[in-house]
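Colleague: Please read through the structure below; I'll follow up with questions.
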Amino acid sequence: MAKKRVHEIAKAQGLTSKELLAKLKAAGVEAKAAQSSVEESDALAALKGSGDGASATATATKPAAKQASAKTAEPAKAKAEAAPKGEAKPAGGDGAAAPAKKASPAKAAAPGEEGPADGEEIDQRQGINHYGFLVDNVERTLSRLDSSLQRGDTPQNGRPAEMRILDPWGNKVDLSARGFLGREEKKLPGVRYVVVQTATPERAAEFYKSVFELREIGNASDGSLRLSDGDITLELTKKQSIEKPGIQYFGFQVKDWSQAKSRFKEIGLELPEPKPGKTEVQLNDPEGNLFSVSEKGWQ
C-alpha cells in the first residue's frame, strides 16, 4: 500500500486524527501530525493490533488538499487539514503580502541540489524554504537578472520549476513558464499573500518590480511595501515573524468565512473571527508554521 496522510486514513476508518495518532504512537509508528504521511499498511496494522479491527484494505479517500491559487503551487488546505484537534492557535497580528507577476509559493531546497524525480525536495527542514513565479518566458526573465546571481540546474531534477535562482538576498526563487503541477487556477480558497523579510524592502521591491513586472500597491509606516501581479500580494518587510529571515508566512483567501469555519470544525479546529478592524487571522499549523486566513484578501 502507498503512503497516505494520517487524517485521510483516520477518516476512512471512522476515527479522529488525534485518535489515530495515539494508536500509531503506541504501535511505534512515527507520525507527528494529521498531515504526516505513513504507510497505510502500517496504520492498519496498528489499528488491528489495538483491537479496532481495521480491515486489511482501507476505503479510498479523496486527497485533502484541493485547488491552489492563481499562479501558486498550493500548500493551502494541506496546512488547514493537517492539524490535530485544538492545535491551530491564533497568532495575532494582521499580515501583509507578496507574490510577483505570476507567482507561487511552497517548496524548499538550494540551487543545484538533487531532489527525487517525483519533485519532492531534498531539503526537508521544517518551514517554507522557497517560493516561485509563473512567468511568460523563463529565458526572457533570466535575461533581466544580473549574471552574478546564483542559478540552479535546468531542468530542475524533476521538480515542477524549470529554473531556480537565488535573489540578491539569498532567497530561493523558482521560475516556470509551464506552471507548477497545473495548479494555476484562480479558485478559492487559494494562496494570495506571501510575506518576505528583508533588511532593505525598497531595494527588494525594485528587484521584483524590474524582474517580474510586479506593481507597488501599498506601503506602511514601518517601511514595508506591498507588490502584486493582480492576483497575489507580496509583502516585503523588515519585520521578522519567525526565527529565520526570508519567507515568513503566506496567506489563504477564502470565498466564504462560514464555510471555512465549517471545514476547520470538521477536522477538530476552530477558525476564530478576525478582531475588530482586522480582515484576517493568523494561525499556526500543527508543526508551528505561521499562516493567515482572510476573506477580503490583501489587494
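The values are calculated or read from the model by the stated rules, or taken from the named source; none is laboratory data. Predicted model, so just to flag it, every value in this text is computed and none were measured. Reconstructed Cβ throughout: ideal geometry from the backbone, glycine too, with neighbour counts over all protein chains shown.
Colleague: Could you run through segment 248-273 and say how many residues are over 26 Å from E235 (Cβ atoms) and surrounded by 16 or more Cβ atoms within 10 Å (Cβ to Cβ)?
Modeller: 2
Colleague: Let me ask something else. Can you name every residue in segment 174-219 that is of a type in the set (A, V, I, L, M) and either buried (at least 24 other Cβ atoms within 10 Å of the Cβ) or part of a helix (DSSP H, G or I) (or both)? Walk me through it before giving the result.
Modeller: The initial filter retains those residues of segment 174-219 that are of a type in the set (A, V, I, L, M), namely 175, 177, 181, 188, 191, 194-196, 199, 204-205, 211, 214, 217.
Matches in segment 174-219: L175, V191, V194, V195, V196, A204, A205, V211, L214.
Colleague: Would you please name the residue that is farthest from G268 (Cα to Cα), looking only at residues in segment 3-22 that are under 23 Å from the mean Cα position of the chain (by Cα) and not in a helix (DSSP H, G or I)?
Modeller: That would be K3.
Colleague: Moving on to the next point. Name the single residue that is surrounded by the fewest Cβ atoms within 10 Å (Cβ to Cβ) among those in segment 20-44 being free of Cβ contacts under 8 Å to residues at least 24 places away in the same chain and small (G, A, S).
Modeller: Checking each candidate, the answer is G28.
Colleague: Which pairs do you get when a residue that is in the same structural domain as Q248 (by TED's automatic domain parsing) and charged (D, E, K, R), found in segment 120-133, comes within reach of a residue that is modelled with pLDDT under 80 and in a strand (DSSP E or B), reach meaning Cβ atoms under 6 angstrom, with the pair 6+ apart or on two chains?
Modeller: From segment 120-133, the pairs are E121/K107.
Colleague: Determine which member of the set V195, V211 is on the phi < 0 side of the Ramachandran plot, touching a helix residue (DSSP H, G or I) at 6+ places or on another chain (Cβ under 9 Å) and of a type in the set (A, V, I, L, M). Can you show your working first?
Modeller: Details: V195 fails: touching a helix residue (DSSP H, G or I) at 6+ places or on another chain (Cβ under 9 Å).
So the residue among V195, V211 that is on the phi < 0 side of the Ramachandran plot, touching a helix residue (DSSP H, G or I) at 6+ places or on another chain (Cβ under 9 Å) and of a type in the set (A, V, I, L, M) is V211.
Colleague: Name, by its number, the condition in (1) over 20 Å from G170 (Cα atoms); (2) within 18 Å of the chain's Cα centre (by Cα) that does not hold for Q259.
Modeller: The failed condition is (2).
Colleague: Checking the condition without any contact (Cβ under 8 Å) to a residue 40 or more places away in the chain and out of contact with any helix residue (DSSP H, G or I) (no Cβ under 9 Å at 6 or more places or on another chain), which residue from K187, K261, K255 passes? Outline the logic, then answer.
Modeller: Values: K187 fails: without any contact (Cβ under 8 Å) to a residue 40 or more places away in the chain; K255 fails: without any contact (Cβ under 8 Å) to a residue 40 or more places away in the chain.
After applying the criteria, what remains is K261.
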